[in-house]
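Visitor: If you scroll down you'll find the structure; I have some questions about it.
The values are calculated or read from the model by the stated rules, or taken from the named source; none is laboratory data. Treat the numbers as computed from the prediction; the structure is a model and nothing was measured. Cβ atoms come from the backbone with ideal geometry, glycine included; neighbour counts cover every protein chain shown. Heads up: the accessible areas ignore ligands, DNA and RNA and are worked out on the full protein's heavy atoms, side chains in. Shrake-Rupley method; radii C 1.70, N 1.55, O 1.52, S 1.80 Å.
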Amino acid sequence: MRAMTGQVWRIAWLGVLLCLASCGRPEPIRIGFVGGYSGRVADLGIDGRNGATIAVEELNAQGGVHGRPLELVVRNDEQDADKARQAVNSLISERVAAIVGHTTSAMSVATVDLVSQQQVVMVSPTSTADELSGRDDYFFRVVAATRFNAARNAAHYLAGGFRRAAVIYDLNNRAYSESWYKAFVLPFEAGGGKVLDTQTYTSRPDLHFSALAERLLASGPDLIVIVANAVDTALLAQQVRKRNATVQLASAEWGGSDRLIDMGGAAVEGMFVSQYFDRFDKKPAFLAFRQRYRERFGDDPGFAAVCGYDAARMVITGLAEQRGGETLKQTLLRLGQFELSQGTMKIDRFGDTQRTVYVTQIRNGRFEVVLAP
């Protein structure tokens, strides 16, 4: 009987110790991240996730939010609308406080109604489609709508003397690419330019770009604008350069990752590429982020990493400033502006911003700014 009593006591005491140990660790605040980590858009998903990881680790090193650690819960949307909705539902079931994502406009369009119905804030690093603008929903973003970006590019090309353009865009991310194309054509032609030919295609691994390159060159353009992911942009540039050494090449923001230079090589030298950030920013906040990123991932951050970091920072700031009885959406709208990697970013009552793009040109294998804000 005494032996039994002693055993029960030891079990009970062990239970107390376990309880004390678990009670001493506050429940983490979960933040979701969703993007594409495979295929030709993997650079956006992986880099965006890495940037968000830096933001989470940075805050955890400072004690978390109100003493609670942050946990990044990651899902892959596989650049497929159905899988994107499944990924978001999975994050919601994990009771995340907010979601950072998606990294393409098409996936954000596919899930914006879902997160709004569930009243879960989603902050996109890189989704710019115009149809996501001006909506009273739960979708926020840290990049400007397509119409601002494309118009800025059109003005720069016209200023450079280019008047005869051919444009090609990928239908796999149609919400972005088609809205970018439409937003480019109007100011380009209003400024005296002419879009001579427009080609569309659907990206896939077995696609050969030779025929597309020939069709784009057939109209005799002095400028070819490519609205596609970095891999396709590089492959198409190579096919164009095999046939024409002088036509000016240009890429929309989507293609502007380091993968473009790595794959494109000499074919992308001289290409205009618009970017969401200044790679040579000297602000202390950006330099500190870049150094942490280098130490953690062994490389410099690209645009998706910078924007992923900024989107996560926006969420974390909202969580830290949230008042009792206030939803995260209400907090973000009340704050209205956020100190991010490259300075202050303001949002309007719909969660939209007007972050300026930088037009760069690839020179000697690196992006150099040719048009700053």
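Visitor: Using a Cα-Cα cut-off of under 20 Å, which lysines could be cross-linked to residue 329, ignoring same-chain neighbours fewer than 8 residues away?
Guide: Once the sequence-local lysines are set aside, what remains near residue 329 is 346.
Visitor: Roughly to the nearest percent, how much of the accessible area of the range 49-155 is carbon and sulfur, given a 1.4 Å probe?
Guide: 41
Visitor: A further question on this structure: Gaussian network model of the chain, Cα springs within a sub-10 Å range: biggest mean-square fluctuation belongs to which of 25, 174, 296?
Guide: Of 25, 174, 296, the Gaussian network model singles out 25 as fluctuating most.
Visitor: Using the heavy atoms of the protein chains alone and a 1.4 angstrom probe, what is the accessible area of the range 168-267 per residue in square angstrom?
Guide: It amounts to 38 Å² per residue over the range 168-267.
Visitor: Something else: Straight-line reach only, C-alpha to C-alpha below 14 angstrom: list the aspartates and glutamates that residue 182 could link to, leaving out same-chain residues fewer than 8 apart.
Guide: List returned: 130, 131, 170, 197.
Visitor: Viscosity 1.002 mPa s, temperature 20 °C: give me the Stokes-Einstein translational D for the range 224-373 in µm²/s, with Rh taken as the Kirkwood radius over C-alpha pairs.
Guide: Reported coefficient: 126 µm²/s.
Visitor: Counting other Cβ atoms within 10 Å, which GluC sites (Glu not before Pro) in the range 292-326 have at most 15 and lie in a DSSP loop? Can you show the working numbers first?
Guide: Values: sites: 295, 321, 326; in loops: 326.
Answer by residue number: 326.
Visitor: Where the convex hull is taken over the Cα atoms of the chain, what is its projected area averaged over directions, in nm²?
Guide: 22.3
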